[in-house]
Structure formats: C-alpha cells, structure tokens
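The values are calculated or read from the model by the stated rules, or taken from the named source; none is laboratory data. Everything numeric here is computed off the predicted structure, so don't read it as measured data. Cβ coordinates were reconstructed from backbone atoms using ideal geometry, including for glycine residues, and neighbour counts include every protein chain displayed. Just so you know, the surface numbers come from the protein's heavy atoms only, side chains and all, with ligands and any DNA or RNA stripped out. Shrake-Rupley method; radii C 1.70, N 1.55, O 1.52, S 1.80 Å.
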Amino acid sequence: MRKAHFGAHSEARRKLMSASLSKELQKKYNVRSLPIRKDDEVQVVRGTFKNRDGKVTTVFRKKFVIHIERINREKNNGATVDLGIHPSKVIITKLHLDPDRKKLLARKNRSNVSDKGKFTDADVGGDLD
C-alpha cells in the first residue's frame, strides 16, 4: 500500500489529493469530495493554521501538498516560503468551475444514482409459475 501510494504517477496522485467539500457545497452538488485544483478557495481544518482560509496557489503533486496564499513562513535569511499543507486537512469552500469540472460534478452527483442496480418484480418478469 505504501509503495502504491508513494510510487503513484501524476494522474493517480490527482485523485489521491482530494479534499472534502464544505457542507453548503455538499448540499448543492450532492458530492462529498473532489480532487483539489489551483484556483479553489479552501479553509484549513487541522494543524497550526486551523480556520485560516485562502486560495490555492499551487498543487504540488510530487510532494502531496498544496500551497495556499498567505500561509507561509520567514526563513533565517529573510526569504518567505510557502508552507505545504496536505489536501485532506482542508475543506473546499469555493470551487473554480470550468466545463470539465462541471461534467465531473454531474457524473459524481449522488442524487440521480439512488436506484442504481435495483430490479423490481415487474422488470424481471414478475410472476413466473
């Protein structure tokens, strides 16, 4: 499992780097989580920067982290560096929607898949004696 996770290629890492949607967005789209994307707005829910929010500036798939604006620290030489935060420790509060993202939300929408795979007696042939 560790090897599969850390040896995953970029497309697989995209899915591994998913974040939950806020309660309002979950109600609106009937989707729990989505792969995180560059211009999404997120809120940190764990760690030192808990309750801080901002826009995602970078999705660093190689390191499994995202960089969020205004979450950085100063190095000894005075330079500021962005701090990496794992996507599972944030919730998405505002989505950056483009046509592909809208299609993805439509596919993942759970409301129209409620009776998937269910057969009634009438479908099967009902009363076969």
*With each label point set 7 Å from Cα along the Cα-Cβ vector, what nm distance links residue 18 and residue 94?*
2.5 nm
*Paramagnetic label zone (point 7 Å from Cα along Cα-to-C-beta, residue 58; backbone N under 14 Å) in segment 68-97*: 68-73, 80-86
*With θ set to phi - 60°, apply the Karplus curve 6.51 cos²θ - 1.76 cosθ + 1.60 along segment 84-89 and write out the HN-Hα couplings as whole Hz, x wherever there is a Gly or Pro.*
x, 10, 6, x, 6, 9
*asked:* Of the listed values [x] 20.0, 85; [y] 13.8, 43; [z] 27.7, 84, identify the label whose number matches Rg and Dmax of the Cα atoms in Å calculated from this model.
replied: [x]
*Given a cut-off of under 8 Å on Cα pairs at least six residues apart, what relative contact order in percent is computed for the chain?*
25 percent
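Excluding ligands, DNA and RNA, what is the solvent-accessible area per residue of segment 14-124 at a probe of 1.4 Å, expressed in Å²?
On the way: 7800 Å² over 111 residues.
Value returned for segment 14-124: 70 Å² of accessible area per residue.
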*Cα centroid of segment 7-23 to Cα centroid of segment 55-92, whole Å*: 16 Å
*Once phi is turned into ³J(HN,Hα) by the Karplus curve 6.51 cos²θ - 1.76 cosθ + 1.60 with θ = phi - 60°, what whole-Hz value does each residue of segment 40-57 show in order, with x for glycine and proline?*
5, 9, 10, 10, 6, 10, 9, x, 4, 9, 3, 6, 7, 10, x, 8, 6, 9
*Leaving ligands, DNA and RNA out of it, report the carbon-plus-sulfur percent of the accessible area of the chain at a 1.4 Å probe.*
49 percent
*Pop a pseudo-label 7 angstrom from the Cα along the beta-carbon direction at both residue 106 and residue 4 and give the gap in nm to one decimal.*
3.2 nm
*Grab the other residues whose beta carbon is less than 10 angstrom from that of residue 25, score K and R as +1, D and E as -1, and report the net.*
+4
*In degrees between 0 and 90, to the nearest 10, how far off the longest principal axis of the chain does helix 99-108 point, with axes built from Cα atoms?*
50 degrees
